[in-house]
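The values are calculated or read from the model by the stated rules, or taken from the named source; none is laboratory data. In this text, all values refer to a predicted model and were calculated from it rather than measured experimentally. Cβ atoms come from the backbone with ideal geometry, glycine included; neighbour counts cover every protein chain shown. For the accessible areas, the whole protein counts, side chains as well, though only heavy atoms, and no ligand, DNA or RNA atoms are used. Shrake-Rupley method; radii C 1.70, N 1.55, O 1.52, S 1.80 Å.
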Amino acid sequence: GNPAVYRNITSSIGAQKQHLMYKYHGFISKHSKSGALSEYFLTYLKRNYRQCGHNIARFRATAKVHKSPVKLRPVVAKVGTTIEGVSKWLDYKLQHLLEYLPWCVKDSQSFRDEVIKLNIPPNARLVTFDAISMYPNIDIDHALQIMKNWFNTINAAQHGLHPESILD
């Protein structure tokens, strides 16, 4: 690549990448034995690893030109990376949890359709909020504990959802 734009990975980042691969293989080993990973997904993850090797996610940013001053929205592109396979597996598993949620919006069109069905008084006002840096500010340990409690509440393990693998 262009050295004015890209730089070589430092040994520190290389060590972090190696640690990530160690955790990746540990995840596959642990959860294939527990039954959380089906043969289909195990085959998929192994094939994905052969194709992607040690590719790691790429970071870029898009400009929010409608903001003043212009701000950047970070984007982590993981297509073509080893983690992409685990991400797809996690998405598949989380889809099964939607039935336990009282309400879920697929997209903005679905939201619009649901709001139109509501009996809203003519003097009502629609209010929106913008969460700034919401995801980076989530306390991960707290979020995992909340998820663990919720999995226990819905008896996720009895439905074959393997909460431990999802939380890993």
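When you go through (1) touching a helix residue (DSSP H, G or I) at 6+ places or on another chain (Cβ under 6 Å); (2) of a type in the set (A, V, I, L, M, F, W, C); (3) in contact (Cβ under 8 Å) with a residue 24 or more places away in the chain one by one for Leu42, which number turns out not to apply?
The failed condition is (3).
Looking only at the range 85-127, count every residue that is farther than 23 Å from Asn152 by Cα, exposed (fewer than 10 other Cβ atoms within 10 Å of the Cβ) and of a type in the set (Asp, Glu) and tell me the total.
1
Assess whether Val75 counts as being open to solvent by less than 60 Å² (accessible area, probe 1.4 Å), modelled with pLDDT of 85 or more, among the hydrophobic types (A, V, I, L, M, F, W, C) and touching a strand residue (DSSP E or B) at 6+ places or on another chain (Cβ under 9 Å).
Against the criterion (open to solvent by less than 60 Å² (accessible area, probe 1.4 Å), modelled with pLDDT of 85 or more, among the hydrophobic types (A, V, I, L, M, F, W, C) and touching a strand residue (DSSP E or B) at 6+ places or on another chain (Cβ under 9 Å)), Val75 qualifies.
Any chance the range 71-89 includes a residue that's more than 30 Å from Tyr22 (Cβ to Cβ) and among the acidic types (Asp, Glu)?
Scanning the range 71-89 turns up no residue that is more than 30 Å from Tyr22 (Cβ to Cβ) and among the acidic types (Asp, Glu).
Of the residues Trp89, Trp103, Trp150, which single one is assigned to a loop (DSSP other than H, G, I, E, B) and either modelled with pLDDT of 85 or more or out of contact with any Leu (no Cβ under 6 Å at 6 or more places or on another chain) (or both)?
Step by step, each of Trp89, Trp103, Trp150 is checked, and only Trp103 is assigned to a loop (DSSP other than H, G, I, E, B) and either modelled with pLDDT of 85 or more or out of contact with any Leu (no Cβ under 6 Å at 6 or more places or on another chain) (or both).
How do the pairs read when you match residues in the range 147-168 that are in contact (Cβ under 8 Å) with a residue 24 or more places away in the chain and β-branched (Val, Ile, Thr) with residues anywhere that are in a helix (DSSP H, G or I) and surrounded by 12 or more Cβ atoms within 10 Å (Cβ to Cβ), using Cβ under 6 Å and keeping only pairs 6 or more apart or on different chains?
Ile154/Tyr100; Ile166/Lys93
Which residue is nearest to the chain's Cα centre (by Cα), if the candidates are limited to the range 106-147 and must be outside any loop (DSSP other than H, G, I, E, B) and acidic (Asp, Glu)?
Asp141
Anything in the range 18-39 that is open to solvent by 40 Å² or more (accessible area, probe 1.4 Å), in contact (Cβ under 8 Å) with a residue 12 or more places away in the chain and in a helix (DSSP H, G or I)? List them, or say none.
Leu20, Lys30, Ser34
Which one of these does Ala61 not meet: (1) surrounded by 10 or more Cβ atoms within 10 Å (Cβ to Cβ); (2) in a helix (DSSP H, G or I); (3) among the aliphatic types (A, V, I, L, M)?
Evaluating Ala61 over (1) surrounded by 10 or more Cβ atoms within 10 Å (Cβ to Cβ); (2) in a helix (DSSP H, G or I); (3) among the aliphatic types (A, V, I, L, M) leaves (2) as the failure.
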